[in-house]
């Protein structure tokens with residue numbers, strides 16, 4: 001098991017090196033001159049050249065790359081040209097916001113989609129099967145910004161059940177002391193029930209928006225995988241041994257069916273992490289996705305690099321977690337590694 | 001004669017498929033006595049496994065039992081409630097399957113799989129279950145059972161896996177064991193060992209065994225009595241020796257003639273002409289062998305001699321091959 005983790009970590013190193021090189025080159029290849037952007041429309045040629053020299057963009061690429069790598073080694077991601085803030089700091093405050101949203105969304109998905117998939121598989125053709133099919137079809141066909149707006153319309157504007165969809169916390173409350181950056185966890189650690197509930201209320205609609213979108217792949221994969229496993233020989237054996245149906249479905253069938261579900265879950269999670277810009281925009285969520293898009297529009301390459309690197313590192317970590325989960329669930333994976 | 005361990009009486013099963021209703025079993029009747037080994041033989045598609053699944057109550061959702069009873073210890077398994085069947089399955093009747101490798105849960109330690117059944121059916125505490133599982137592994141001849149109990153099926157050979165299957169089946173000391181082609185896919189030596197283990201456990205506990213196979217040679221070696229099935233009908237049942245000495249149904253005779261022996265050469269083997277009839281047809285002849293039968297009479301299309309489910313012998317033929325009186329054969 002440990003050798004599996006070690007091997008996977010070793011395998012991750014080349015991909016991380018590749019990501020560093022590609023992000024560097026890509027951001028340099030972006031159209032637009034950051035120095036010109038930064039200097040403003042009225043700046044003279046000379047002023048732009050000075051800024052260029054200050055940024056180091058007048059040097060050959062290889063020199064720039066050397067500086068970039070040595071900065072990276074010190075954990076330095078550079079400063080944003082537009083805000084002047086350190087990118088590393090910015091990401092450190094914005095990533096937990098996105099991560100909290102995505103993880104809660106994912107938890108909602110798992111809670112909803114996995115039982116739906118199991119029930120749909122154990123009762124094919126029943127009403128629950130049809131409901132699952134309709135809900136998951138609707139989930140993928142509605143764009144997230146639309147589902148988000150619809151939820152805001154119904155729960156905020158019409159029913160008044162949820163607070164105004166701006167940001168992570170009501171403006172009259174102050175954020176809990178920063179420990180993990182996850183407001184729910186920090187509030188719980190600070191034993192601040194008011195902030196916890198308020199943060200949860202802000203979180204529930206955007207998380208639900210993400211969940212509705214991710215429902216389809218997880219529910220469909222659970223259903224398909226369960227159907228395949230339920231017709232397997234060993235499930236027949238378990239039934240013939242008179243084991244209770246909950247034992248057969250959970251211990252025998254679901255544990256065998258869960259591997260493809262986990263794979264899908266990992267794909268959905270990495271997709272959500274990077275692609276929930278729209279949800280962040282709709283709910284004015286101070287996440288990493290909107291941060292990256294704004295930086296990209298401004299040709300502000302330090303934040304874009306930082307964003308891509310963070311995402312790549314997360315992706316590698318996520319895949320490692322999936323591999324470990326595989327190893328824990330399926331003994332055959334452990335042996336073959 | 002004492003009450004049989006299992007009496008199957010007039011069992012019919014139909015499958016709903018896209019291309020129509022398949023009459024998989026029709027009026028199947030036979031019995032097996034306590035301690036007896038009964039072989040059910042027939043070619044693929046003759047309904048051997050469907051019969052077993054129907055008795056176990058693990059038929060596919062598309063299948064329906066349309067008539068008959070299967071009486072085990074006074075309880076009609078086909079009419080029993082779901083709860084009652086869940087109690088019987090694994091406790092009174094157990095089943096082992098072909099392809100032992102796929103018949104075991106691939107990601108659960110074999111000891112745990114045995115313990116699951118023990119916890120369900122035998123009066124065993126969760127603490128004692130692993131120990132009992134190891135004991136069971138020992139009774140089916142697995143060496144180093146303590147270590148093997150922690151193994152996963154993929155770490156064991158096919159023969160080992162089948163022993164584990166037997167241990168699972170015998171965990172609750174059932175009164176009837178149904179073995180569905182238990183040695184298919186195993187090499188000949190392992191086949192013999194597996195069959196020995198089953199026979200040994202059966203004689204140790206007085207358990208009745210139904211042994212489903214398409215291997216007539218194996219049936220001849222192992223069974224006290226043989227039931228021959230064809231296209232969802234029981235065509236003949238006799239004591240093993242009598243069946244081979246005096247096969248009376250034309251199908252049985254053809255089946256024996258098509259079985260290779262030690263001395264026969266490929267060229268000498270006969271084949272059975274034709275195929276199993278299409279069981280989806282709206283109107284099947286009364287005798288489903290009629291279309292393939294060289295001894296067919298006019299009456300064969302319209303009626304079939306009925307079978308006494310409690311008798312040790314059965315013959316569903318109007319024009320049997322050689323006709324020694326029934327009493328003499330028994």
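Odds and ends about this structure:
- One residue alone among B:86, B:94 is within 9 Å of chain A (Cβ to nearest Cβ), crowded, with 24+ Cβ neighbours inside 10 Å and within 25 Å of the chain's Cα centre (by Cα), and that residue is B:94.
- Tallying residues that are touching a strand residue (DSSP E or B) at 6+ places or on another chain (Cβ under 7 Å) and either modelled with pLDDT under 85 or surrounded by fewer than 22 Cβ atoms within 10 Å (Cβ to Cβ) (or both) within segment A:86-143 yields 1.
- Of all the listed residues (B:182, B:106, B:126, B:174), the sole one being away from chain A (no Cβ under 11 Å), touching a residue at least 12 places away in the same chain (Cβ under 8 Å) and not in a helix (DSSP H, G or I) is B:182.
- Taking each residue of segment A:178-207 that is at positive phi and looking for partners that are surrounded by 19 or more Cβ atoms within 10 Å (Cβ to Cβ) and in a helix (DSSP H, G or I) with beta-carbon atoms closer than 7 Å, six or more apart or interchain, yields A:181/A:96.
- Within segment A:68-85, restricting attention to residues that are assigned to a helix (DSSP H, G or I) and surrounded by fewer than 13 Cβ atoms within 10 Å (Cβ to Cβ), the residue that is modelled with the lowest pLDDT is A:73.
- Of the helices (runs of 4 or more DSSP H) that lie entirely inside segment A:2-57, those containing 1 or more residues that are surrounded by 11 or more Cβ atoms within 10 Å (Cβ to Cβ) and without any contact (Cβ under 8 Å) to a residue 12 or more places away in the chain span A:2-29, A:45-55.
- Some residue of segment B:255-262 being crowded, with 19+ Cβ neighbours inside 10 Å and under 21 Å from residue B:221 (Cα atoms): yes
- Of the residues B:91, B:101, the single one that is part of a helix (DSSP H, G or I), touching a residue at least 60 places away in the same chain (Cβ under 8 Å) and touching a helix residue (DSSP H, G or I) at 6+ places or on another chain (Cβ under 6 Å) is B:101.
- Among the residues here, residue B:143 does not qualify as under 27 Å from residue B:189 (Cβ atoms), more than 10 Å from chain A (Cβ to nearest Cβ), in contact (Cβ under 8 Å) with a residue 60 or more places away in the chain and surrounded by fewer than 20 Cβ atoms within 10 Å (Cβ to Cβ).
- The condition of being more than 8 Å from chain A (Cβ to nearest Cβ), touching a strand residue (DSSP E or B) at 6+ places or on another chain (Cβ under 7 Å) and at pLDDT 90 or above does not hold for residue B:118.
- Qualifying residues in segment B:61-83 (those that are part of a strand (DSSP E or B) and free of Cβ contacts under 8 Å to residues at least 24 places away in the same chain) - the one surrounded by the most Cβ atoms within 10 Å (Cβ to Cβ): B:75
- Any hit, segment B:131-140, residues being part of a loop (DSSP other than H, G, I, E, B) and more than 20 Å from residue B:94 (Cα to Cα): no
- Residues of segment A:285-311 satisfying the condition of being at pLDDT below 85 and not in a helix (DSSP H, G or I): A:298, A:299, A:300
- Hey, residue A:316 in a helix (DSSP H, G or I), modelled with pLDDT under 85 and surrounded by 16 or more Cβ atoms within 10 Å (Cβ to Cβ) or not: yes
- Which numbered condition residue B:310 misses (of (1) surrounded by fewer than 16 Cβ atoms within 10 Å (Cβ to Cβ); (2) touching a strand residue (DSSP E or B) at 6+ places or on another chain (Cβ under 7 Å); (3) without any contact (Cβ under 8 Å) to a residue 60 or more places away in the chain): (3)
- For segment B:146-158, the set of residues classified as more than 12 Å from chain A (Cβ to nearest Cβ), at pLDDT 90 or above and in a helix (DSSP H, G or I) consists of B:146, B:147, B:148, listed by residue number.
- Boolean, residue B:169 is away from chain A (no Cβ under 14 Å) and within 22 Å of residue B:4 (Cα to Cα): no
The values are calculated or read from the model by the stated rules, or taken from the named source; none is laboratory data. Just so it is clear, the structure is predicted and the values come from calculations on it, not from any experiment. Note that we place each Cβ from the backbone using ideal geometry, even for glycine, and neighbour counts take in every protein chain shown.
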